[in-house]
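The values are calculated or read from the model by the stated rules, or taken from the named source; none is laboratory data. Here the structure is a predicted model, which means the values were calculated and not measured. Using ideal geometry, Cβ is built from the backbone for each residue, glycine included, and neighbour counts are taken over all protein chains shown. Calculation scope for accessible area: heavy atoms of the full protein, side chains included, ligands and nucleic acids excluded. Shrake-Rupley method; radii C 1.70, N 1.55, O 1.52, S 1.80 Å.
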Amino acid sequence: SFLSKNALAAPRSDSQLSMAMERTYIMVKPDGVQRGIVGNIISRFEQKGYVMVAMKTRMATPELLDEHYCDLVEKPFFPKLREYLLSGPVVSMCWEGKEAVSTGRKMLGATNPLESAPGTIRGDFCIEVGRNICHGSDSVENANKELALWFEESELLDWESHSHDWLYE
Ligand code: ADP
């Protein structure tokens, strides 16, 4: 029936799987949650046509952050970055679609919000690098690492949007 076909996480066909789909890890940081920008960020990814594979709100932990930012732990700003990310709930999301990793980064904007173009999330909503409201994976390899870190495998759903054929040729 219509209901069972659409309500369940249907496996995708071979042709859909072969189309270089990517999954990226997007996280709204505590300032984005506190300032009520979560919905706007979700809307942008939805409007673009990407599919929400997973989402949850949670507190980060020092262990998660040391792993997530393993390339930055030696940086002088890391203690402040960790304190910032532990200061309140974060929203973890996985979005899927064609070139979702690099396009997700473009949608977020440059790391320093004063250099982020207007129209990007950081360009529209924030000012300082230490309060830049969101994270997005910078490579497919890191996306896979981050998704495995922040989600259980069973939380990442396999489903097809009914708009699929209106978004992709
Ligand atoms: P991005 O989040 O754009 O991938 P980085 O991986 O370089 O950027 O840095 C991770 C996060 O660390 C940034 O989003 C920002 O919150 C914080 N950060 C980076 N550089 C600085 C800095 N110079 N001072 C304070 N915080 C910083």
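Quick check, is THR57 surrounded by fewer than 18 Cβ atoms within 10 Å (Cβ to Cβ), of a type in the set (Val, Ile, Thr), near the ligand (Cβ under 10 Å from one of its atoms) and under 18 Å from the mean Cα position of the chain (by Cα)?
Details: surrounded by fewer than 18 Cβ atoms within 10 Å (Cβ to Cβ): yes; of a type in the set (Val, Ile, Thr): yes; near the ligand (Cβ under 10 Å from one of its atoms): no; under 18 Å from the mean Cα position of the chain (by Cα): yes.
Answer is no for this residue.
Kindly indicate whether any position in the stretch 97-105 is open to solvent by 80 Å² or more (accessible area, probe 1.4 Å), out of contact with any helix residue (DSSP H, G or I) (no Cβ under 6 Å at 6 or more places or on another chain), of a type in the set (S, T, N, Q) and away from the ligand (no atom under 14 Å from the Cβ). Checked against the condition, which is being open to solvent by 80 Å² or more (accessible area, probe 1.4 Å), out of contact with any helix residue (DSSP H, G or I) (no Cβ under 6 Å at 6 or more places or on another chain), of a type in the set (S, T, N, Q) and away from the ligand (no atom under 14 Å from the Cβ), the stretch 97-105 yields no hits at all.
Tell me yes or no: at least one residue of the stretch 124-133 is modelled with pLDDT of 95 or more and more than 15 Å from the ligand (Cβ to nearest atom). Yes.
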